[in-house]
Amino acid sequence: MTIFIVIVLAISSIGLIATVLLQSGKSAGLSGSIAGAGEQFFGKAAKGMEGLFSKLSMVFAVLFLLSSLGLTIFMK
């Protein structure tokens, strides 16, 4: 079981790194990040590849979190 969790952890970490690196940079700085968060909060979703990479990075982050917690539980 631990081997499976280690494999999931490795795949999720590589996937998370890849999706974060493939996302386009925000050059607006702090004000752009606040405005972008407000736009997403009020219903304007990110379109195209940015939305896909955002969702994929969220999925990989959750997988990474769950697999690392599972690994610490099984290693005790």
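The values are calculated or read from the model by the stated rules, or taken from the named source; none is laboratory data. Since we're looking at a predicted model, the values are computed, not measured. Every residue, glycine among them, receives a Cβ derived from its backbone with ideal geometry; neighbour counts consider all protein chains shown.
Miscellaneous remarks
- Considering residues of segment 1-33 that are modelled with pLDDT under 90, exposed (fewer than 11 other Cβ atoms within 10 Å of the Cβ) and of a type in the set (A, V, I, L, M) only, the residue farthest from Gly70 (Cα to Cα): Leu30
- Residue match in segment 41-49 (condition: surrounded by 13 or more Cβ atoms within 10 Å (Cβ to Cβ) and at pLDDT below 85): yes
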